[in-house]
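The structure under discussion appears below in the form of structure tokens.
The values are calculated or read from the model by the stated rules, or taken from the named source; none is laboratory data. Computed from a predicted model, the values in this text were never measured in an experiment. We place every Cβ from the backbone using ideal geometry, glycine too, and count neighbours over all the protein chains shown.
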Amino acid sequence: MFDEIDNTAVARAAGGAGGSSLPLSQSQSDELRESFLRLLTTQLQNQDPLNPLENAEMTSQIAQINTVSGIEQLNDTLKLITGQIDANQALQASALVGKGVMVPGDRVLLEQDEEGEVFTTPFGIELDEPAENVQATITDAGGRVVSQLDLGAVDAGVSSFNWDGMTAEGEVAAPGAYSVTFEAIDADEESLNTETLNYAQVGGVTPQDQDGNVKLDLGAIYGQVGLDDIRQIL
């Protein structure tokens, strides 16, 4: 008489205990199902009348082959969902081209036109909790303090600010690149963790890499960043 069907191959294909999940092609899956049904039919035809195959055993074997089929259908569904996510990510990234964004960094740029008007890039801070008071310090390339700004209370999350380009002496700072740092304290005058943000403009989008990630091109100064690096869109 025939013994109970050996479920090792089925269990391995289904990712059961003792085996790893193995991807099956459609033809392999069809062949596995046909083999299973043929073996099950043969077993039922040749089973010992005094020791018939129990319903629970047969149900377990059918459940295993259905699990394999279900995993394949789930994988196909996940591939479709992943494709839609990737497409939406690329579309979202392309919509940012030409826009200003806040990303991790401490750079502040100052420019002055021919008429003497001063332009500075925004800077920002990200806080995990509200701050009772925040102070920003602007330093030049040599590390010298150019200006200090008392920003007062700042809510948790991302906040952006502007520097008027004036030094502590009330003069217009020289055009160029500066750095900004923050000191934030809570109501108990305890220091808070902060992340400093700087402004950049999205110039283009790099196609998805091998991991499916889209990169935003922020120019030669800031390079490329991912969508997860964008803290605020201005």
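Results, tabulated for the structure shown:
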| quantity | calculated |
| --- | --- |
| Test: residue in the stretch 203-210 that is under 27 Å from Asp113 (Cβ atoms), in contact with an Asp or Glu (Cβ under 8 Å, 6 or more places away or on another chain) and not acidic (Asp, Glu) | yes |
| Residue match in the stretch 186-202 (condition: under 30 Å from the mean Cα position of the chain (by Cα), part of a strand (DSSP E or B) and either aromatic (Phe, Trp, Tyr) or loosely packed, with under 12 Cβ neighbours inside 10 Å (or both)) | yes |
| Number of the condition not met by Gly219 [criteria: (1) touching a helix residue (DSSP H, G or I) at 6+ places or on another chain (Cβ under 9 Å); (2) under 23 Å from Gly124 (Cα atoms)] | (1) |
| Yes/no for Leu216 being part of a strand (DSSP E or B) and either under 19 Å from the mean Cα position of the chain (by Cα) or not assigned by TED's automatic domain parsing to the domain that holds Pro130 (or both) | yes |
| Val180 vs. criteria under 29 Å from Leu216 (Cα atoms), of a type in the set (A, V, I, L, M, F, W, C) and part of a loop (DSSP other than H, G, I, E, B) | no |
| Subset tally (residues that are under 24 Å from Ala200 (Cβ atoms) and either outside the structural domain of Ser179 (by TED's automatic domain parsing) or out of contact with any Ser or Thr (no Cβ under 7 Å at 6 or more places or on another chain) (or both)) for the stretch 137-146 | 4 |
| Selection from the stretch 147-175 of residues that are free of Cβ contacts under 8 Å to residues at least 40 places away in the same chain and within 30 Å of the chain's Cα centre (by Cα) | Val154, Asp155, Ala156, Gly157, Ser159, Phe161 |
| Gly223 being modelled with pLDDT under 95, on the phi > 0 side of the Ramachandran plot, within 20 Å of the chain's Cα centre (by Cα) and not acidic (Asp, Glu) | yes |
| Candidate set from the stretch 218-234 (those that are surrounded by fewer than 17 Cβ atoms within 10 Å (Cβ to Cβ) and of a type in the set (Val, Ile, Thr)); member that is farthest from Ser179 (Cα to Cα) | Ile233 |
